[in-house]
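The structure appears right after this line, and notes come after that.
A short reminder: the numbers here are calculations on the coordinates, not readings from a lab. Keep in mind that this is a model prediction, so the values were computed, not measured. Using ideal geometry, Cβ is built from the backbone for each residue, glycine included, and neighbour counts are taken over all protein chains shown.
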Amino acid sequence: MRVCYFGKYDPEYDRNAIIRAGLEANGVSVLECRIEQGYLAQQYISLWRACHRTNLRGAHAIIAAEFNHFVVPLAWWFALRWGIPLLVDPLVSRYDMNVYDRRFLHPHSWRARRQWWIDWLAFHLAHILIADTHLRFSGFITPVSTCGIGRCEISSGGAGNWATR
C-alpha cells in the first residue's frame with residue numbers, strides 16, 4: 001500500500017514523524033508531496049509540481065498534514081482525480097484557535113468567518129478527519145457541530161497505540 005503525505009510540513013515534527021513511522025511499520029510506503037514555504041498561490045503551484053514529480057498515481061490515499069487547511073482543496077482534487085480517499089489531519093480548528101484560544105479575532109468579524117469557512121471546507125472535503133485523542137477531537141466540536149459533519153469515529157489510545165494498529 002502507498003500513501004501520499006501532502007502539504008507544507010516539517011518532516012521532523014514529532015506528529016509527522018510518528019504518523020509516518022507508524023505507517024511504515026505497518027508496511028505502508030509513504031510518498032512525500034511536500035513543500036517548504038510560500039504564499040497560498042505559490043503553495044498550490046509548488047504542490048502541483050511536487051505531486052507530478054513524485055508520481056503519485058499508485059497511491060491508495062492522501063493524508064493532508066496538520067495545519068494545511070488551505071491546501072486541502074488541492075489535495076481533494078488529486079484524491080478525486082485518482083479515486084482515492086483524502087484523510088485530513090487538521091490538529092486544531094483554525095476558527096477555535098484564533099477566536100477562542102488566542103482571542104485574535106472577534107467571533108463575528110469577517111476574518112473569523114473566513115477562518116470558519118476554511119475549517120468548514122477542509123472538514124467537508126475530507127473523507128476522514130484524523131484526531132489522535134478524544135480531547136483533541138473535542139477541539140473540533142464547534143466547527144464540526146456548526147459545519148454539520150455528522151460522521152466521526154474516534155479511536156483512543158494515543159499516538160503509540162494508533163501507530164501500531
(request) Within the set of other residues whose C-beta is less than 14 Å from the C-beta of residue 32, count the net charge using Lys and Arg as +1 and Asp and Glu as -1. (result) +2
(message) At a 10 Å Cβ-Cβ cut-off, how would you order 69, 108, 127, fewest neighbours first?
(response) 108, 127, 69
(request) Please give the net charge around residue 113, taking every other residue with its beta carbon less than 13 angstrom from that of residue 113, where Lys and Arg add +1 and Asp and Glu add -1. (result) +2
(request) Please compute the net charge surrounding residue 62, taking Lys and Arg as +1 and Asp and Glu as -1 over other residues with Cβ under 15 Å from its Cβ. (result) +3
(message) Can you compute the modelled spin-label distance between residue 49 and residue 82, with each label point 7 Å from Cα toward Cβ, in nm?
(response) 2.0
(request) State the extension gain, in nm to one decimal, for the chain segment bounded by residue 57 and residue 2, taking 0.36 nm per residue of separation less the distance between their alpha-carbons. (result) 18.8 nm
(request) Arrange the following residues from fewest to most other Cβ atoms within 10 Å of their Cβ: 18, 118, 63, 45. (result) 45, 18, 118, 63
